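The values are calculated or read from the model by the stated rules, or taken from the named source; none is laboratory data. Only a predicted model underlies this, so the values are computations on that prediction, with no experimental measurement involved. Cβ: placed from backbone, ideal geometry, glycine included. Neighbour counts: every protein chain shown. Please note that ligands, DNA and RNA were not included when accessible areas were found on the heavy atoms of the full protein model with its side chains. Shrake-Rupley method; radii C 1.70, N 1.55, O 1.52, S 1.80 Å.
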Amino acid sequence: MNAEAAILYAEHLNVMKSRADAALERAGLEHLVVPSGTLHYQLFDDRDYPYAVNPQFKAWLPLTRNPGSWLVHTPGERPRLVYLQPHDYWHVVPEAPNGYWLEHFDVVVIREPVEAQQHLPKNAARCAILGEAQSALGKYGAFAPNNPPAVVDYLEYHRAFKTPYEIAMMREATRRGVRGHLAAERAFRAGASEFGIHLAYCQAAGQEASELPYGNIVALNEHGAVLHYTDFGRLPPKPLRSFLIDAGASHGGYACDITRTYSADKGDEFQSLVDAVDAAQQNMGAQVRAGADYKQLHLDAHLALSAILKDFGVIRVSPEEALASGVSSAFFPHGLGHGIGLQVHEVAGFAASDAGGTIAKPEGHPYLRLTRVLEPGMVVTIEPGIYFIDMLLEKLKQDGHADAVDWARVDAFRPCGGIRIEDDVVCTEGEPMNLTREEFAIAG
C-alpha cells in the first residue's frame, strides 16, 4: 500500500495546494497556517481529553497524534511542517518525521510548543490561520486562529470531492471496519453482551475506542430503538432477539461508517424485515449518481421504507400518504446519510457554493445532514432505517394518525428495537462504488 499511497499522495498534495492558493487569493491573504491542535484538560483536574487532530491539518498530512505541530503553505513555495517532538519521559514521544509524505515538506523539529512561532510567517495579519482558539501562540495570543470565512467556506466546500488518495485511505479504514463487524456478529451469535461485542470489534479492527472515528453503537434487542445507543450493557439480555451495530474505523485520518442489523433467529419475521430493508438500501446506494439531488434520494427512501412497512402490515396508508402526513418519519426519523471523509459527518453538507450560502432541508426533515447535488468524487453514507420508538409512536397517536398504524404489528416488532443498514458509497462518472459492500465481499 505504501508505494501506491506515495504516488496517490503526491497527486493529492497538488490538489491541496491548488485549493489553498485559490482560497487565499479569494481572501486576499498570503499564507495558510494550520495548527494540528492542542490537548484539552478537564475542568478542576489534570487529566486531558482524548486528543482530536484539527481536520484542516490532517487534510494535508496523515498525522493524527501530533499535538502542537503546525503546517504552513505559501503559494509557490514548498509547504513547511513545524513538528513538535518534545523531550518527555512521562509520555511516548512522536517518532522522528517519516513516511511517504516527508519528501514533499520542509520539516523543522521543535522541542517546546512556543518554539513554533519563530518558524511561522512574521505577519499574522497576512495569514489564514485555521484552528481552535487555544492553539494561539505568542504574547497575548498574537498568533491566533482567525478562520476567515472566505477561506474556510472554499476549502470545506471542495473537501467534499475526494482525491484518489483519500478514497484509498477510506478503503483501508473500511477493511478494518469490516473485520470488526464480522467479529461483532460472531460475538453476538455466541451470546456475548454489548460490552463483550464492543471489545471483540475493537480487537478485530485493531483500534481502541479513542482511535475509532466515533463511539461504537452496539445495541441488543429494544436498545436498537435508541439511535445513538452507547451504554454497553455488561450482561446479555434474555431472550436475545436482535443486534444493531453502527461502528467505524480509521486510517490515515480518514473514517469509515458502517451499520448492520441481525436477528438472533435467521428464519424469523424480524430477519425478513431486515432483509427487506437491506435490499432497499442497496437500491438506494445504486442511485448515488452524478447529478442526483441528495434531498430527493432522502424523500425516495421514505417512500421505499413506507412500502416495506405497508407490505409487513405495520402501516395501513400508502407510501405517498405516509410521507406527506409524517407517519413515515415516526419510523424513519433521521436523514438518509451524510458526507464522510476526514470527519464522519463531513462538513459543508448544506453548502450552496464555495462562497457560502445554504441549501435548505426539505420541510419536515430537520435531521438530514446533506442537501447538495451529488458530483463525482463525493463520498456519502446511505443508511435507511426502520425503528419502533415509543415516544415517536405516541406522538403519532397524539397527532391524530393512530388509524394509519396496525398497533398489534408494532407490538410484534417493538422488542427488536429497530433496523439500520449503512454503506459508504463513492459517486463516480458512472456506476457508484460501494466501498462497504466491496470489502464485505472480499472478506467473505
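Please report the orientation-averaged projected area of the range 283-408, defined via the convex hull of its C-alpha atoms, in nm².
Working: hull surface 33.2 nm².
Taking the Cα atoms of the range 283-408, their convex hull projects to 8.3 nm² on average.
Among the lysines, which fall within straight-line cross-link reach of Lys17, defined as a Cα-Cα distance under 26 Å, with same-chain neighbours fewer than 8 residues apart omitted?
Of all the lysines, those that pass the test against Lys17 - Cα under 26 Å, at least 8 places apart if same chain - are Lys58, Lys122, Lys162.
How high is the relative contact order of the chain, given as a whole-number percent (alpha carbon pairs under 8 Å, six or more residues apart)?
Working: 882 pairs, mean separation 65.9, N = 444.
Computed value for the chain: 15 percent relative contact order.
Can you give the FRET efficiency for Asn98 and Arg78, using 1/(1 + (r/R0)^6), R0 = 25 Å, r = Cβ-Cβ distance, to the nearest 0.05? Please list the in-between numbers first.
Details: r = 18 Å, r/R0 = 0.70.
Calculated value: 0.90.
Please compute the modelled spin-label separation between Lys139 and Asp48, points set 7 Å along Cα→Cβ, answer in nm with one decimal.
Distance between the two pseudo-spin positions: 2.7 nm.
Between Glu346 and residues 5 or more places away or on another chain, which pairs have amide H atoms under 5 Å apart, with H built 1.01 Å from N, and which residues are they?
Gly339, Ile340, Gly341
With θ taken as phi - 60° and the coefficients 6.51, -1.76 and 1.60, list the Karplus ³J(HN,Hα) couplings across the range 340-354 in order, rounded to whole Hz; mark glycine and proline as x.
8, x, 5, 10, 4, 9, 4, 6, 6, x, 10, 5, 6, 6, 6
Full extension from Ala360 to Val15: what is 0.36 nm times the residue separation minus their Cα-Cα distance, to one decimal in nm? Mind showing how you got there, number by number?
Working: separation 345, 0.36 × 345 = 124.20 nm, distance 2.91 nm.
Computed gain between Ala360 and Val15 is 121.3 nm.
Run lengths n ≥ 4 of DSSP H only: what is the helix-derived mean residue ellipticity at 222 nm for the chain, with -39500 (n - 2.57) per run over all residues, to the nearest 500? Write down the numbers at each step before the final one.
Working: 12 runs with 150 residues, N = 444.
Value at 222 nm, helices only: -10500 deg cm²/dmol.
At 1.002 mPa s and 20 °C, plugging the Kirkwood radius over alpha-carbon pairs of the range 125-201 into Stokes-Einstein gives what diffusion coefficient in µm²/s? Walk me through the intermediate numbers first.
Numbers: Rh = 16.6 Å.
Answer, rounded: 129 µm²/s.
Restricting to Cα pairs below 8 Å that are 6+ residues apart, what does the relative contact order work out to for the range 1-99? Please round to a whole percent.
Values: 109 pairs, mean separation 22.2, N = 99.
Taking the mean separation of contacting Cα pairs over the length of the range 1-99, I get 22 percent.
Packing-wise, with mean Cβ within 10 Å as the measure, how do 96-103, 127-134 rank, highest first? All intermediate terms of the calculation are to be shown ahead of the outcome.
On the way: 96-103: 13.5, 127-134: 19.8.
Per-residue Cβ counts within 10 Å, averaged per peptide and sorted highest first, yield 127-134, 96-103.
Could you tell me, in Å, what Rg and Dmax come out for the Cα atoms of the chain?
23.6, 71
Take every Cα pair under 8 Å in the range 229-285 that's 6+ residues apart, average their separations, divide by the length, and report that relative contact order as a whole percent. Working shown, then result.
Details: 41 pairs, mean separation 14.0, N = 57.
Over the range 229-285, the number comes to 25 percent.
Any chance you could get the radius of gyration and Dmax over the Cα atoms of the range 341-396, in Å?
Using the Cα atoms of the range 341-396, the pair Rg, Dmax is 14.6, 43 Å.
Anything in the chain that counts as a DSSP H helix reaching 20 Å or more along its axis (C-alpha) with Kyte-Doolittle mean of at least 0.0? List them, would you? Let's see the in-between values first.
Working: long enough: 2-27 (36 Å, -0.11); 164-189 (37 Å, -0.65); 269-285 (24 Å, -0.20); 294-311 (26 Å, 0.12).
Answer set is 294-311.
Measuring from a point 7 Å past the Cα of Trp90 along Cα-to-C-beta, which residues in the range 103-141 have an amide N at less than 16 Å?
112-114
Once amide H atoms are built 1.01 Å from N in the peptide plane, which residues 5 or more positions from Ala144, or in another chain, come under 5 Å H to H?
Leu137
Send over a whole-number figure in Å² for the accessible area per residue of the chain, probe 1.4 Å. Walk me through the intermediate numbers first.
Values: 19530 Å² over 444 residues.
Counting only protein heavy atoms, the per-residue value for the chain is 44 Å².
For the ranges 219-228, 248-257, what's the packing order if you count other beta-carbon atoms within 10 Å of each residue, average per peptide, and put the highest first? Mind showing how you got there, number by number?
Working: 219-228: 20.7, 248-257: 25.2.
Averaged packing, sorted descending, gives the order 248-257, 219-228.
Which of the lysines could be linked to Lys310 by a straight reach, that is with a Cα gap under 21 Å, when you skip same-chain ones fewer than 8 residues away?
Straight-distance partners of Lys310: Lys395, Lys397.
What distance in nm separates the simple spin-label points at Glu30 and Arg316, each placed 7 Å from Cα in the Cβ direction?
Label-label distance for Glu30 and Arg316, simple model: 7.4 nm.
Extent of the range 197-289 along each principal axis, from alpha carbon coordinates, in Å, largest to smallest?
For the range 197-289, the Cα extents along the three principal axes come out at 44, 40, 22 Å.
Considering only protein heavy atoms, with the full assembly of protein chains and a 1.4 angstrom probe, order Tyr89, Tyr9 by accessible area, largest first.
Descending accessible area places them as Tyr89, Tyr9.
Quick one: grab Rg to one decimal and Dmax as a whole number for the range 170-327, Cα atoms only, in Å.
Over the range 170-327's Cα set, Rg and Dmax evaluate to 17.1, 48 Å.
Which value results when the Cα radius of gyration for the range 149-254 is divided by 2.2 N^0.38 Å? Working shown, then result.
Working: Rg = 16.5 Å, N = 106, 2.2 N^0.38 = 12.9 Å.
That ratio works out to 1.28.
Taking every pair of alpha-carbon atoms in the range 350-444, give the share separated by more than 18 Å as a whole percent.
Numbers: 2943 of 4465 pairs.
The calculated P(r) of the range 350-444 puts 66 percent of pairs beyond 18 Å.
First measure r as the distance between the Cβ atoms of Ala412 and Glu438, then evaluate 1/(1 + (r/R0)^6) with R0 = 41 Å and state the FRET efficiency to the nearest 0.05.
Working: r = 35 Å, r/R0 = 0.86.
The calculated FRET efficiency here is 0.70.
Going by amide H atoms built from the backbone, whose H comes under 5 Å of the H on Asp406, apart from near neighbours?
Long-range HN contacts for Asp406: Ile315, Arg316.
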